[in-house]
Amino acid sequence: MTQPPTAPPTPPPVPPVPPEGPGHGVGPEPGQGAASGHAAAPSGPLGAPRRTAWSEGVRRLRTAATTEPGRLRAIGAVLAAVVLLFGGVTAWQVSDRAAAADAVVDHSQPLSADAAHIYRSLADADTSASSGFLAGGDEPRSERRRYEKDIREASQLLADAAANSARSRTAQRQIAVLNRGLPVYAGLVETARADNRQGLPLGGAYLRYANEKMRGELLPAARKLYTAETRQLGGDYDDAKSRPLPALGTGVVALAALGWAQRRNYRRTNRVFNRGLLGATALSLALLVWLSAGHVMARSGLNASYTEGARSLHALNEARIGTLQARGDENMTLVARGGGAVYEESYQKQMAKVAGDGERDRAGSGLLQDVREVADDRAGSSAVAEAQDAVRIWQQRHKQARAEDDGGNYEDAVEQVIGAKDSTRESFDEVDKSLSRAGAHEQRQFEKAAGAGRDWFAGLVVGALVLAVLGAAAAVLGIGRRLAEYR
């Protein structure tokens with residue numbers, strides 16, 4: 001019996017191919033993105049998550065840091081940055097100190113000297129006005145010219161101070177007081193002079209009023225101006241002499257980093273020297289030595305300018321101011337005609353302050369003795385010694401003049417005070433000339449020492465930047481030679 005043929009096996013069903021086009025794709029597995037409402041994280045090759053640009057950059061840096069070439073590149077960048085930082089900080093600090101030294105030489109010290117000159121001019125103008133008044137209607141032309149010269153100089157110096165004292169509000173206020181008061185004072189003196197020439201007693205009252213304005217308003221303002229400018233000079237000195245600690249510290253850090261890099265290079269390669277790193281070290285060391293030596297020498301010069309010049313000039317200014325005030329008191333004692341006890345008392349105080357008296361004199365006190373002690377050479381001390389001798393003669397002649405006035409010999413007392421020969425005026429002029437000569441000598445010493453100190457900063461700013469750039473380039477080249485060995 002014939003069996004029917006067996007049917008061939010049925011092939012497995014083929015899954016349908018999803019249609020292409022937007023909106024048609026394979027849906028998420030159950031329980032995944034569609035079910036949870038979140039899109040599936042993008043996947044890279046083999047299903048790894050894709051990295052962002054930042055994470056990729058961090059990964060590459062970490063990879064580079066684990067290799068010697070990567071470490072060398074990082075070391076080279078750090079060395080170049082530290083050396084450049086050293087040069088930049090040095091240039092900044094030296095620039096500040098050079099500017100302060102320039103201010104000492106060209107600005108604050110001249111302004112302090114001008115402020116002292118303003119005070120002396122005002123005091124001398126008051127003295128000349130009273131001397132001319134004592135001469136009566138026959139006023140000496142020399143006294144008149146001296147008074148006019150003092151007023152003119154004071155006005156010009158005030159104009160200069162107003163243009164250059166922008167840094168100090170105190171100075172500006174005092175300049176304003178002086179500019180307002182000086183014309184008023186000059187007007188009172190002219191009124192007193194006109195009345196005196198006509199023989200009117202009212203002239204003495206006007207002159208006393210002018211003297212009170214000078215002593216009560218103008219001279220105190222001039223003193224405050226001088227104090228403000230001298231304080232500014234001290235501040236500029238401090239700024240110019242301050243130690244550049246940040247620059248020195250940065251230099252030490254740069255040398256330490258370069259030394260560490262060379263030691264590391266030696267331990268890894270057994271090579272003693274790397275020319276690039278050695279050159280960078282030499283350049284950084286040269287800059288550090290230049291900075292240290294330049295600052296030390298500049299500081300030394302500025303210290304010398306203070307001890308040999310500025311300090312002596314300050315003492316001289318105080319002594320000259322004291323003698324001018326004593327001379328004005330001496331004249332006003334006679335102008336007051338019997339009512340000058342207050343002026344005589346002030347004269348005695350000023351003269352004791354200038355020359356010393358009693359136990360203070362034997363102890364070597366007094367402004368003139370102070371000036372002589374700070375004078376550092378024979379030229380300065382000899383001029384002060386001459387002034388001391390003239391002050392002693394002045395005091396003796398003043399006693400004679402007071403004896404004449406107290407005895408009722410007013411005309412003889414006036415002659416003893418304002419006469420051309422053997423008078424207190426002659427002694428005062430000798431004192432003023434000697435102190436003026438000493439002041440000119442001390443001014444020259446100040447300018448020489450301060451200029452020498454300032455010159456040590458010259459070229460250091462540019463030199464610091466050049467050496468820093470060369471040092472950074474040398475460090476990069478030295479690291480580059482090591483990198484070349486890995487290529």
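Could you grab the pairs with beta carbons closer than 7 Å, sequence gap of 6+ or different chains, first residue in region 366-386 and closer than 18 Å to ALA352 by Cα, second one of a type in the set (A, V, I, L, M, F, W, C) and not in a helix (DSSP H, G or I)?
VAL384/ALA375
Can you confirm whether region 385-401 contains a residue that is farther than 23 Å from SER121 by Cα and assigned to a loop (DSSP other than H, G, I, E, B)?
Looking for residues that are farther than 23 Å from SER121 by Cα and assigned to a loop (DSSP other than H, G, I, E, B), one finds none in region 385-401, hence no.
Take region 174-196 and flag every residue that is without any contact (Cβ under 8 Å) to a residue 40 or more places away in the chain and within 26 Å of the chain's Cα centre (by Cα).
ALA176
Could you list, in sequence order, the residues of region 255-294 that are open to solvent by 20 Å² or more (accessible area, probe 1.4 Å), closer than 30 Å to GLY234 by Cα and touching a helix residue (DSSP H, G or I) at 6+ places or on another chain (Cβ under 9 Å)? Outline the logic, then answer.
First pass over region 255-294, keeping only residues open to solvent by 20 Å² or more (accessible area, probe 1.4 Å): 255-257, 259-260, 262-264, 266-273, 275, 278-279, 281-283, 285-286, 288-290, 292-293.
Cutting the leftovers down to closer than 30 Å to GLY234 by Cα gives us 288-290, 292-293.
The answer is LEU288, TRP290, SER292.
Tell me, yes or no, whether region 164-181 has at least one residue that is surrounded by 22 or more Cβ atoms within 10 Å (Cβ to Cβ) and not in a helix (DSSP H, G or I). Even if it seems obvious, please write down each step before you answer.
The first filter runs over region 164-181 and keeps only residues surrounded by 22 or more Cβ atoms within 10 Å (Cβ to Cβ), leaving 165, 171, 174-175, 178.
Of the ones still in play, those that are also not in a helix (DSSP H, G or I) are 165.
Within region 164-181 (the criterion being surrounded by 22 or more Cβ atoms within 10 Å (Cβ to Cβ) and not in a helix (DSSP H, G or I)), the answer is yes, since at least one residue qualifies.
Give the residues of region 130-150 that are in a helix (DSSP H, G or I) and either of a type in the set (Ser, Thr, Tyr) or open to solvent by less than 30 Å² (accessible area, probe 1.4 Å) (or both), sorted by residue number. Steps first, answer last, please.
The first filter runs over region 130-150 and keeps only residues in a helix (DSSP H, G or I), leaving 130-134, 141-150.
Once the filter is applied, which keeps residues that are in a helix (DSSP H, G or I) and either of a type in the set (Ser, Thr, Tyr) or open to solvent by less than 30 Å² (accessible area, probe 1.4 Å) (or both), region 130-150 yields SER130, SER131, GLY132, LEU134, SER142, GLU143, TYR147, ASP150.
With the checklist (1) open to solvent by less than 10 Å² (accessible area, probe 1.4 Å); (2) outside any helix (DSSP H, G or I); (3) not hydrophobic (A, V, I, L, M, F, W, C) in hand, flag the one item GLU442 doesn't pass.
Only one criterion in (1) open to solvent by less than 10 Å² (accessible area, probe 1.4 Å); (2) outside any helix (DSSP H, G or I); (3) not hydrophobic (A, V, I, L, M, F, W, C) is unmet by GLU442, namely (2).
The values are calculated or read from the model by the stated rules, or taken from the named source; none is laboratory data. Note that this is a predicted model, so its numbers are computed, not measured. So basically every Cβ, Gly included, is an ideal-geometry build from the backbone, and we count neighbours across all protein chains shown. These area figures cover heavy atoms from the full protein model, side chains too; ligands, DNA and RNA do not enter into them. Shrake-Rupley method; radii C 1.70, N 1.55, O 1.52, S 1.80 Å.
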